[in-house]
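Derivation of every value follows stated rules applied to the coordinates shown; laboratory data play no part. From a predicted model like this one, the values you see are computed outputs, not experimental measurements. Cβ atoms come from the backbone with ideal geometry, glycine included; neighbour counts cover every protein chain shown.
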Amino acid sequence: MFKIVKREALVASSVILHEIHAPRVARKAKPGQFLILKATETGERIPLTMADTDAEAGTVTVIFMVVGKSTALFASLKEGDAYADLIGPLGRATDIEKAGHVVCIGGGTGIAVLHPIARAMKQAGNRLTTILGARSADFMILKERMADLADTFLPMSDDGSVGKKGFVTDALKEVLEQDKPDMVVAIGPVPMMKAVSEMTRPYGIHTLVSLNPIMIDGTGMCGGCRVSVGDKVKFACVDGPEFDGHAVDFDGLSQRLNAYREEERTAMEDHKC
Ligand code: FES
């Protein structure tokens, strides 16, 4: 059992932070790697990329949005409760390099995934521009922490309640024109990662995205997480979750993510009854 030592609702009851006691994972985990969690012995396996780790305290932190039955079950777990199972660290760690000017772009709960990567990029000596996007101020998670890490911080929101009104791509357009980056890391909703990758493509800027396909075993055995990258089929759990944004088939990824929407809706309704 993996005990929750801290629980925080970052956005009302829809975005939850859990700090979980898992000392062996905390010692080994690197930025970009993920966990597979189960709330109960027979529960669904949910992959979540770590938002933080603390090797000394022996804890790992995940931040997730309640989108279905299993994440609703996760959200119902309080401090002192425990996950039945936690596997990790899984996947390849981010290649942290000194590239020069690195632009980190995060949207939604992708900001949580971006957090350790941005920190490692900064520690590696890069100049960091961070662009965050959210519906409104209330939905922009980890804003202060991300602002502290950045040399230039550009928050964007749909309603203008935090930073400028507009999308992350509006801020990226200005950065591309005025202060061309050497590398871009974009993590968030699939349409956002696709749009960012299309914008950086003509500039030839290395663009890293972190994919979140449906996963089952997390060890490259089931094929559930397959994604098309270039002309190859890759398994996000072992080959990723990060890939070259210019080579990812984002439309195929969206289709696969939507494949079980109806089943997810029914399961959520049964859960509420
Ligand atoms: Fe099964 Fe990746 S989750 S192959």
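For the chain, what does -39500 (n - 2.57) per DSSP helix run (n ≥ 4), summed and divided by total residues, give at 222 nm, in deg cm²/dmol to the nearest 500?
Taken over the chain, the calculation gives -8500 deg cm²/dmol.
Using label points projected 7 Å from each Cα along Cα→Cβ, tell me how many nm separate Asp231 and Glu56, to one decimal. Modelled inter-label distance: 5.2 nm.
For Leu154, the residues whose amide H sits under 5 Å from its own are Thr130, Ile131, Leu132, ignoring neighbours fewer than 5 places away on the same chain, with H placed 1.01 Å from N. Taking only alpha carbon atoms, region 100-220 gives an Rg to Rh ratio of 0.96, where Rh is the Kirkwood radius. Once backbone amide H atoms are built at 1.01 Å from N, Ala22 has Thr59, Val60 as its partners under 5 Å, excluding neighbours fewer than 5 places away on the same chain.
For each pair in Lys69/Lys143; Lys28/Lys122; Lys38/Lys173, compute the distance between the two Cα atoms and list the pairs where it is over 31 Å. Present the calculation step by step, with values, prior to reporting the outcome.
Details: Lys69/Lys143 28 Å; Lys28/Lys122 20 Å; Lys38/Lys173 40 Å.
Those over the limit are Lys38/Lys173.
When you filter the GluC sites (Glu not before Pro) in region 4-111 for DSSP loop state and at most 11 other Cβ atoms inside 10 Å of their Cβ, you are left with Glu41, Glu56. Extents of the chain, taken as max minus min of Cα coordinates on every principal axis and listed largest first, are 52, 39, 37 Å. Looking at the chain alone, DSSP beta bridges between its own residues are antiparallel in about 60 percent of cases. Once a ≥ b ≥ c are taken as the square roots of the eigenvalues of the Cα gyration tensor of region 61-141, is the result rounded (a/c under 1.5), prolate (a/b larger than b/c) or oblate (a/b not larger than b/c)? Oblate.
Summary of packing: across the peptides 106-116, 126-136, the per-residue average of other C-beta atoms within 10 Å ranks them, highest first, as 106-116, 126-136.
Rounded to the nearest 5, what % of DSSP beta bridges with both residues in region 101-257 are antiparallel?
On the way: 8 of 32 bridges.
Just about 25 percent of them are antiparallel.
Dipole size of region 2-90 about its Cα centre, with +1 on Lys/Arg Cβ and -1 on Asp/Glu Cβ: approximately 180 debye, rounded to the nearest 20. In the neighborhood of Val227, defined by Cβ-to-Cβ distances under 10 Å, what is the net charge if each Lys or Arg adds +1 and each Asp or Glu adds -1? Net charge around Val227: +2. Here the average projected area of the convex hull drawn through the C-alpha atoms of region 151-268 stands at 9.4 nm².
Per residue, the convex hull around the alpha carbon atoms of region 1-131 comes to 97 Å³.
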